[in-house]
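Beneath this line is the structure, given in C-alpha cells, with notes to follow.
The values are calculated or read from the model by the stated rules, or taken from the named source; none is laboratory data. Just so it is clear, the structure is predicted and the values come from calculations on it, not from any experiment. Every residue, glycine as well, gets a Cβ built from its backbone with ideal geometry; the counts of neighbours run over all protein chains shown. Surface accessibility is based on the protein's heavy atoms, side chains included, excluding ligands, DNA and RNA. Shrake-Rupley method; radii C 1.70, N 1.55, O 1.52, S 1.80 Å.
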Number of protein chains: 2
Amino acid sequence: MQMEERGRIARDASIPLAATDGETRNAGLLAIAKGLKENTAAIIAANNADMARSQAENLGAPLLKRLTFDADKINDVIQGIHSLIELDNPLGATKMATQLDEGLDLYKVTCPIGVIGVIFESRPDAFIQISTLCLKSGNSVLLKGGREALETNRILCKTIQDATRTAGIPEGWIQNLETREDVTAMLALDQYIDLIIPRGSNDFVKYIMNNSNIPVMGHADGICHVYVHEDADLKQAVDIIVDSKTQYVAACNTLETLLVNEQAAATLLPLLKAALDNKEVRIKGDAAVRNIISAETATDEDWKTEYLDYILAIRIVPSLAAAIDHINTYGSGHTDVILSTTEAAAKTFMTLVDSAGVFWNCSTRFSDGFRFGFGAEVGISTAKLHARGPVGLDGLLSYKYKLLGHGQCVTDYASGKSHFTHLPSEEDCPI
Amino acid sequence: MQMEERGRIARDASIPLAATDGETRNAGLLAIAKGLKENTAAIIAANNADMARSQAENLGAPLLKRLTFDADKINDVIQGIHSLIELDNPLGATKMATQLDEGLDLYKVTCPIGVIGVIFESRPDAFIQISTLCLKSGNSVLLKGGREALETNRILCKTIQDATRTAGIPEGWIQNLETREDVTAMLALDQYIDLIIPRGSNDFVKYIMNNSNIPVMGHADGICHVYVHEDADLKQAVDIIVDSKTQYVAACNTLETLLVNEQAAATLLPLLKAALDNKEVRIKGDAAVRNIISAETATDEDWKTEYLDYILAIRIVPSLAAAIDHINTYGSGHTDVILSTTEAAAKTFMTLVDSAGVFWNCSTRFSDGFRFGFGAEVGISTAKLHARGPVGLDGLLSYKYKLLGHGQCVTDYASGKSHFTHLPSEEDCPI
C-alpha cells in the first residue's frame, strides 16, 4: 500500500479512536499484553532471525544487546503495559472551566493529538512502549523501527493489530513502516500526520526537522553540565559527578562539561581525578584546570561537544554568574545541575539556567521519564514548546474548547444587551 | 544595528527577565500605562502622520479604521493593561510535584518561553496588547507591525522602552522592527528566538512556516461550520447562523459553510434565505439546496474556501455522521458548531469533530480570547501542539523541571540499594 493511503487510513482511524472510552482502550492494552504472552515463542523466533542476520552483518555488541528481545524483556514490557492500564484515562479531562455567561459554559478538555509518526532505534521494547502510550492516549501511530529489528517489529505489529481488533479499537490505528522510502513519504503527509517524533542522533533529528512541514518533537543534543559552587559538599560532589558521567555514558542525560568554582577547584580536582581515573575517564581541562591536575587541553569546541563517551571536559569559572552564562551559551537546554549547600545559590541557578531540567545536589541521570515517575517516555524534548524534558502521556495530548450554549449570539454582547460574567468554575465538562 | 545583534540582545535580556518577580513586571506594566497616558498627544500626532500618508497612498477605509489610534483607543489599551496587572503572576507556578524518593523532590514549574518574534497587522493597539502580554509572561519580544503604522509603532516602542527601564525591566526585552529585511533576518535567528507568531493571511503564515526553522504558532484558515441537526430549534438556528456569518465577516471565526440535515432543510432554508437576504449575503448551494431555495452553484472548491465576505456556502447532508465527515475533510480545525436539542447528538459531534473549538447552540464568533475571558490573545491557533484555539498568557509559557536532592546518584537506584517512591504531592516548589 502507498504511504499516502496508509496515512489516510491512520487519520480515519484516529477520529473514532479519539471517541473510545478509557475502558475500551484499557481492554485493548490488556489484549496486547495477552497477545504478547501467547506469541512469546514466535516473537523470540523472529528476534533470533534478526539477531542472526545482524551478527552476520557484524553489528556491534552494544547494538546487538539492544536488539535482543528475550522472554525476560517480553515480561518487562508486559509488566509495563499493566502499569499503563493502572494510570488514569488521560482523555476527556477538564483542564479549565469558565462560565462566559449564564447558560454559556466553556470547558478546555484534553483530547488526542491525532496521528503520530515515530522513527526510532533498534530496541524492540521501544515498539511496544511507544505504541501502548499512543493507544492509552488515543492516538494513531505509524512506527518505523531500526532496520535490524525488521522481523521482530513485524510480528509485534501484527500481534498488536490482532489484539486491538478484538478489543474494539478502530483498525488502522497502528501501522509498521519498513523502508526508508516509507519514512521519506511519511514526512510529506502533513494533511494526515500531526506530529513526528524522531529518536536518534542530533543530526538525525535536525534532518527530520529540515525535511518535513509536520511539527517535530525530538531529542537533540544533550550537553549536560554540573556546576560545583564554592560551598559544595566536595565528597558528595565527587559521587554525583562520577555518577553523572559514568552511570551510562551513551545517554543524552550524561554529564559532558563540569564547571568548577575557582574557590573549590584546588581541593576538588585532585579528589575527582582519582575517582575518574578509577573509571578510566579521560579529562580535558582549560589552562586553570591543568594548573591543578594533569589533563588534555580543552578548547571552545569541547564546550559544544556531546562526547557520549568516557571523556569529561572541565572548566574553572570565577562565579555562579559565569557558570550560568557558560551553560546558557554552550548548553543544549537539556539538564544542568548545581552542587551547593546554600538555597540562594541554587535558586539563582535554577531560575536563570534556561534548561528543561535544573537540578540541585543530585545526578543529571535522573532526567528520564521512568525515574520521573511518568511510567514511560516517548523521548526527552529540548524544545520549549508543547512538551519539554521527559515526555510521557501528557506530551501526547492536545485539547479542545467545548462551549455549551442556549442560542447565544455575539451581536447581543457587542451591543451591550448581554454581558459576559467570565466566572471561573471547578465543574467538569458534562458532555 | 544588525538583526543578529538585536536577537542576541533580546536573548540576553530574556534571562534576567525570566527571573524578575511578578511585582516588578506589574510595575513595568503600570509604568507603560502611565507612559501612554503622558505621551497621548505625541502618539496621536504620530498616528496622524501615518493616517495622512496612508490616505495619500489610497489605503482602503476598513484598513484606515484599523490604523486609527485616537484618545479613545489609547484609553482602551490602558484599561487593558490594568486588567492584565490584576491577573495572577503566570510564572513560577508549580504544575506538578512528585516525591521521587525521600529528600528527592521533583517540581514542574512554569517559566517564560524566552524570545518571541511577532509579525502583525496594522492595528497599533495590537502592538500594546502583544508587548504587555509578553512582559506579563516574562518573554522578550521583537515586533514587526504593518508598514502603515510605522510612526505610531515607533513612538509606542520608545514609550514602552522608557517606561520599563525605569521599572527595572532588563533593557533590550522589547524591540521594534521596521523593515521586511529585518523580518527575513529574524526568521534565521533560531539560536536566539524561540517562537514566531505571524498574524495575517493563511498564505502569509504558510510563507513564514516554510522560511524559518523557528517554531511557528500562527493563525491559519478559519473555515468554520455550523451544522443544523434534524431536531434543531429553527428560529434559534436562523439567529445563530446570521450572527456567525454577518456579525463581522472578515474574522477567522466567521461561518463559511453551513451544513443542514436533510430533514431540517425544507423548513429551515426559506426562513434562513429571508434573513440572509436582509443582510445581503450571497448564498451558494449544492443541488439539493437549489431545489429548495434559489442560490448560486456551490462546488467542491467552495467547501475549501474562506470567503471572509458576505457569502455563505450551504450543503445538505443526510446525517450527523456525514456532517462530521465533511467538517473533518474540508474544515480547518478552527471552530465548528452543532445546533441540536439533544445532548447525545451534541456529544457525538463535539467528540468526533477534530477542531480547536466545538460549540453547541451558540455562534462561531465566540471563539476569541477576549470572549473566552483570557484578557487578551496573541492569536487563534489551529495547530494541535502547544496551544490550540485562542492563545492568551498560557500560550506564552513553557515549564522546567526542578529537582531538589541531597546527593542522590542513579547508581544506587539501578543497583536496588535505593527505591523510587513516586508519590504525587500538592506542594509548591519551595525555591
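Checked across the stretch A:42-53, the condition of being surrounded by 14 or more Cβ atoms within 10 Å (Cβ to Cβ), modelled with pLDDT of 95 or more and assigned to a strand (DSSP E or B) holds for no residue. Identify, please: which residue in the stretch B:347-376 is in contact (Cβ under 8 Å) with a residue 60 or more places away in the chain and among the charged types (D, E, K, R) and is, among those, farthest from the other protein chains (Cβ to nearest Cβ)? Restricting to residues being in contact (Cβ under 8 Å) with a residue 60 or more places away in the chain and among the charged types (D, E, K, R), the top hit is B:ASP368.
When the helices (runs of 4 or more DSSP H) confined to the stretch A:285-335 are screened for residues that are away from chain B (no Cβ under 14 Å), those reaching at least 1 such residues are found at A:287-290, A:300-303. Are there any pairs with C-beta distances below 9 angstrom linking a residue in the stretch B:155-182 that is at negative phi to a residue that is open to solvent by 20 Å² or more (accessible area, probe 1.4 Å) and acidic (Asp, Glu), with the two at least 6 apart or on different chains, and if so which? Qualifying pairs under 9 Å: B:THR159/B:GLU38; B:GLN161/B:GLU171; B:THR164/B:GLU171; B:ARG165/B:GLU171; B:PRO170/B:ASP12. The residues of the stretch A:193-229 that are modelled with pLDDT under 85 and either assigned to a strand (DSSP E or B) or small (Gly, Ala, Ser) (or both), listed by number, are A:GLY200, A:SER201, A:GLY218, A:ALA220. Report yes if some residue within the stretch A:395-412 is more than 23 Å from the chain's Cα centre (by Cα), more than 8 Å from chain B (Cβ to nearest Cβ) and at pLDDT 95 or above; otherwise report no. Within the stretch A:395-412, one or more residues are more than 23 Å from the chain's Cα centre (by Cα), more than 8 Å from chain B (Cβ to nearest Cβ) and at pLDDT 95 or above. Return the residues of the stretch B:54-74 that are of a type in the set (S, T, N, Q), within 15 Å of B:ARG123 (Cα to Cα) and in a helix (DSSP H, G or I); say none if nothing qualifies. B:SER54, the sole residue that qualifies. Taken over the stretch B:339-352, the criterion of being buried (at least 23 other Cβ atoms within 10 Å of the Cβ) and within 23 Å of the chain's Cα centre (by Cα) is satisfied by B:MET350 alone. Here the stretch B:222-263 is the region considered, the condition is being among the charged types (D, E, K, R) and within 13 Å of chain A (Cβ to nearest Cβ), and the residue that is nearest to B:ASP300 (Cα to Cα) is B:LYS245. Within the stretch A:13-26, identify whether any single residue is farther than 30 Å from A:LEU404 by Cα and away from every other protein chain (no Cβ under 14 Å), and answer yes or no. For the stretch A:13-26, residues farther than 30 Å from A:LEU404 by Cα and away from every other protein chain (no Cβ under 14 Å): absent.
Here the stretch B:353-386 is the region considered, the condition is being open to solvent by less than 10 Å² (accessible area, probe 1.4 Å) and of a type in the set (Phe, Trp, Tyr), and the residue that is nearest to A:GLY416 (Cα to Cα) is B:PHE366. In the condition set (1) facing chain B (nearest Cβ under 7 Å); (2) part of a strand (DSSP E or B), A:LYS384 is compliant with all but (2). Test A:ALA232 against the criterion of being open to solvent by 10 Å² or more (accessible area, probe 1.4 Å), assigned to a helix (DSSP H, G or I) and touching a helix residue (DSSP H, G or I) at 6+ places or on another chain (Cβ under 8 Å), and give yes or no. For A:ALA232, the condition - open to solvent by 10 Å² or more (accessible area, probe 1.4 Å), assigned to a helix (DSSP H, G or I) and touching a helix residue (DSSP H, G or I) at 6+ places or on another chain (Cβ under 8 Å) - is not met.
Among the residues of the stretch B:387-418, just one is outside any strand (DSSP E or B), in contact with a helix residue (DSSP H, G or I) (Cβ under 6 Å, 6 or more places away or on another chain), without any contact (Cβ under 8 Å) to a residue 24 or more places away in the chain and surrounded by fewer than 21 Cβ atoms within 10 Å (Cβ to Cβ), namely B:THR411.
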